[in-house]
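Have a look at the structure below, then the notes.
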Amino acid sequence: MAATPRDVLARDHASALELLRRVGAARTRRILERAQRDLERRLHEAIAGPGAGSYTAANVRAALAQVRQAARIVQLGIRGTLLDTADEAAGRSAENLSRYLASANRAFVGVAHPLGLDLAAIVDEASSGARATVLRRLASSGTPAAGADAIPHPARAGILERYGLRTVGHFEEILQRGLIARAPWQDVVDEIASASPFLRGAPAFWAERIVRTETAGIYNRAGWEAIRSANEESGDFLKILSATFDDRTAADSYAVHGQIRRPDEPFESWYGLYHHPPNRPNDREVVVPHRMAWPIPPYLAWRSDREIAARWALEGRKGRPPPRPKMTTVPLSRIGKAAK
């Protein structure tokens, strides 16, 4: 029995979520563990320096320098992971697009292969677009990273640099608290190392959340670039938002599921405009390619106002949910006309 478009879409969702799980958890944990070991080694080496017997301002400066270096290791490791992921996500997105188009066209118009797509060209375009996005979001302006910014402007911190400063601030609190209390140097080192805040505290949380969210962005950016590339050949492509529905799905995802746009038009959510998910951390929506000639399938149908309100209430929110965002920029009467 041939796979239905719904089956293919379900596999595509699973493929995207597996990419997030594997990259988000395993690689990030290894990066943090390496950084933690490096930080502990550097701090213990600092004990042998001048004034090791008491906790002084010199100790604070030395320890903060070590913390900044460790935070930088994490930043570089995450950036490298995401750049590697861009190529993998681009290939997977383009492959999923090809499989979904074939399945959907077979179901809607009875033809197995809707377009003679140049898959290699689509993958290349998707990959380059995804990598450029990673650099723009993660690399500070003014750094040597090629492609970090298309237009020069005053330097600004990329997302990893901003979170890196937060990491330094976390350790700075421990160091300054020890200085004020005149704690023995070894006690402060032990508090940092034995409690492992670098691995178990806020830095571990933000590192994994960044990787998961940015990987979702890479995957969907690659998918969006693939749709744009395919649209250059046919001129009749649309993009549709598809949410993953389970006990974790938020009301805003109910509200945007099935939203229809032309490839270069932004989607709209309660949080603003965006060309592709994620529109917030932990957003699990994906972009689905759709041709103007096809009808809207039931699995991409809009959720009702009642369903959105019920989910809003289940989340413990007060009052009514915000108005539903604009769901389509293309008249529904124009969609599905050539379908069988």
Note to self: Highest mean first, how do 67-73, 7-13 rank when packing is the count of other Cβ atoms within 10 Å averaged over residues?
What the structure shows: 67-73, 7-13
Note to self: Cβ neighbours within 10 Å, averaged per peptide: list 118-130, 26-38 in order, most packed at the top.
What the structure shows: 118-130, 26-38
Note to self: Assuming 0.36 nm per residue, please report the length gained on full extension of the stretch Leu119 to Arg177 beyond their Cα-Cα distance.
What the structure shows: 15.1 nm
Item checked: Paramagnetic reach from Asp305 (point 7 Å along Cα→Cβ, amide N under 17 Å) across segment 235-256 -> 252, 254-256
Note to self: Modelling each spin label as a point 7 Å along the Cα-to-Cβ direction, I'd like the Glu45/Val109 distance in nm, to one decimal.
What the structure shows: 6.4
Notebook entry, point to check: Based on the Kirkwood radius over alpha-carbon pairs, what value in µm²/s does the Stokes-Einstein equation return for the translational diffusion coefficient of segment 243-315 at 10 °C and 1.306 mPa s?
Noted result: 121
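Just so you know, all these numbers are worked out from the coordinates, no wet-lab data involved. Predicted model, so just to flag it, every value in this text is computed and none were measured. Cβ coordinates were reconstructed from backbone atoms using ideal geometry, including for glycine residues, and neighbour counts include every protein chain displayed.
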